[in-house]
Amino acid sequence: MDIEKTPTVAAEVTGESKDGAEAFTKVKSKKKNQKRKREQDGVDMDTEESVAIKRPQFPPISGDKLRGPDEMRKIPVPAHRYTPLKENWLKIFTPIVENLQLQVRFNLKTRNVEIKTCKETQEISALTKAADFVKAFILGFQVEDAMALIRLDELFLESFDVTDAVKPLKGDHLSRAIGRIAGKGGKTKFTIENVTKTRIVLAETKIHILGSFQNIKMARTAICNLILGSPPSKVYGNIRAVASRTAERF
């Protein structure tokens, strides 16, 4: 009985296996599909890079849109600078109007010098240059020295207070410190100006320096050393050493 049943069971199993083979579908390996996708992506990237990208072309902007609306700067004038401003008004007025092509006036009510752009203004930085020029004159610089701010782009104006930036001094100590900076007949101040190629204005406790960034740094260190009590001869030597080093670099 066992021998007779075995072939039938084997036949049934073989029949099921044949039907199952027909029912199942072959699945492709993922690794091959991923490789094909990468190859296709690489081909697509090459084709995209090979195509020349067209840059957008925009029409040039007109001068009115580039300039924008008219701007104004106001520089307040203290009472002790009214007379010098009145005497040197033509020297201040001429470069601002003719060279920078700006509009300028002195408002008697508000006591401000008002500078404004107009249609003839071409440079964007003209208003800033004019404002710095007028501010330098009001701080006490000569018109000829302040005019360098209009001609040159590398000049700056720096102001600091002796009591705030260097050392808190009062009374006779403060006056002696300012006296050391000025020197006898202004000799020390002139020497610092000539060696560092700057211009210095002493206004009570405030000190204003006009020059390039490097030269302002040298002048300020010299002034700080004088305030702290260094003798002028030592300060002169330090300034000349630094000035000679900077001259060798350039």
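Some observations on this one:
- Residue ID - least open to solvent (accessible area, probe 1.4 Å), chosen from residues in segment 138-155 that are of a type in the set (Asp, Glu) and in a loop (DSSP other than H, G, I, E, B): Asp153
The rows are residues; the columns are (1) more than 24 Å from Gly171 (Cα to Cα); (2) basic (Lys, Arg); (3) modelled with pLDDT of 85 or more; (4) open to solvent by less than 50 Å² (accessible area, probe 1.4 Å).
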| site | (1), (2), (3), (4) |
| --- | --- |
| Glu193 | yes, no, yes, yes |
| Leu210 | yes, no, yes, yes |
| Met218 | yes, no, yes, yes |
| Asn225 | no, no, yes, no |
| Lys234 | yes, yes, yes, no |
| Gly237 | yes, no, yes, yes |
| Thr246 | yes, no, no, yes |
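- Among the residues making up segment 162-171, those that are over 17 Å from Ser230 (Cα atoms) and open to solvent by 80 Å² or more (accessible area, probe 1.4 Å) are Asp164, Lys170.
- First in segment 190-218 and over 15 Å from Leu149 (Cα atoms) and in the same structural domain as Ser159 (by the TED database), second anywhere and of a type in the set (Phe, Trp, Tyr) and modelled with pLDDT under 90, Cβ under 8 Å, 6 or more apart: Thr191/Tyr236; Val195/Tyr236
- When segment 179-198 is filtered for residues that are within 17 Å of Leu210 (Cα to Cα) and either hydrophobic (A, V, I, L, M, F, W, C) or not in a helix (DSSP H, G or I) (or both), the ones remaining, listed by number, are Ile181, Ala182, Phe190, Ile192, Val195, Lys197, Thr198.
- As a summary of the residue check, Glu158 satisfies the conditions (1) closer than 30 Å to Met218 by Cβ; (2) in a helix (DSSP H, G or I); (3) among the acidic types (Asp, Glu) except for the one numbered (2).
The values are calculated or read from the model by the stated rules, or taken from the named source; none is laboratory data. Keep in mind that this is a model prediction, so the values were computed, not measured. Glycine also receives a Cβ, built like all others from the backbone with ideal geometry; neighbour counts cover every protein chain displayed. We work out accessible area using only protein heavy atoms, side chains counted, and drop any ligands, DNA or RNA first. Shrake-Rupley method; radii C 1.70, N 1.55, O 1.52, S 1.80 Å.
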